[in-house]
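Everything on this sheet refers to the single structure shown next.
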Amino acid sequence: MSPRAAWRLEDLGFKNVYEYANGLADWAASGLPTEGTLAKVPTIGEVSRKDVPVAGLQERLEEVKARVETDGWNTAIVVNDEKVVLGRLYKSQLDSDPEATVESIMKPGPSTFRPNVSAPEMTEFMKQHDLDTAPVTTSEGVLIGVVLKEDLDKALEEVRDSHHHDHG
């Protein structure tokens with residue numbers, strides 16, 4: 001990322017950008033298989049939902065809210081033309097002034113996560129920080145999708161199940 005881009009992200013309020021190194025200890029601590037290959041460890045990039053609603057800074061809230069509800073979500077990710085994440089609208093913001101612009105009410109600089117973070121690590125982080133959802137972006141901050149805690153739980157459940165069948 002260019003220094004200019006980095007400064008721009010800082011201007012926008014991005015303080016925490018998480019990049020995890022996948023750790024075997026975390027994996028084992030999640031009660032998942034440690035023998036053989038770890039190729040089956042799902043990452044949050046694989047598990048993330050790509051259909052999360054996005055919003056532009058100048059959009060009016062009521063347009064965004066209509067789209068979010070139609071799609072069955074209760075959050076929207078605010079992006080620029082390059083799909084770089086600038087902020088986020090949660091349910092409480094979506095329910096505020098319908099005439100407001102997205103920019104005026106969004107929560108700027110949400111924590112974002114890299115797609116190579118392992119599902120067990122993300123599950124642990126979400127538990128500790130009481131998160132249900134988290135945006136997944138490239139290292140340049142471009143939106144990939146949103147990871148849902150329930151999807152992570154399901155993915156890890158499937159890994160455990162397939163592990164039991166392999167050695168049953």
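Rule-based calculations on the coordinates, nothing more; no lab input. Treat the numbers as computed from the prediction; the structure is a model and nothing was measured. Every residue, glycine among them, receives a Cβ derived from its backbone with ideal geometry; neighbour counts consider all protein chains shown.
Overview of results
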item: Virtual paramagnetic centre 7 Å along Cα→Cβ of Asn74, amide N under 12 Å, in segment 127-145; result: 132-133
item: In Hz, Karplus ³J(HN,Hα) per residue of segment 76-89 (6.51, -1.76, 1.60; θ = phi - 60°; x = Gly, Pro); result: 9, 9, 8, 10, 8, 5, 8, 6, 7, 6, 10, x, 8, 10
item: Set of lysines with alpha-carbon distance to Lys154 below 26 Å, sequence-local pairs under 8 removed; result: Lys40, Lys50, Lys91, Lys127
item: Amide hydrogen neighbours beyond the local backbone of Arg49, cut-off 5 Å, H modeled; result: Val146, Val147, Leu148
item: Hydrodynamic radius (Kirkwood) for segment 87-156, which is based on Cα pairs only, to one decimal in Å; result: 13.3 Å
item: Relative exposure of Ile44, Ile144, judged by other C-beta atoms within 10 Å (fewest first); result: Ile144, Ile44
item: Neighbour-limited loop hits for GluC sites (Glu not before Pro), segment 83-168 (at most 13 other Cβ within 10 Å; DSSP other than H, G, I, E, B); result: Glu99, Glu140
item: Net charge, Thr70 excluded, C-beta distance under 14 Å - Lys, Arg +1, Asp, Glu -1; result: -3
item: Under 5 Å, built H, 5+ apart or other chain: amide partners of Thr112; result: Tyr18
item: 13 Å beta-carbon shell around Val54, net charge (K/R +1, D/E -1); result: -1
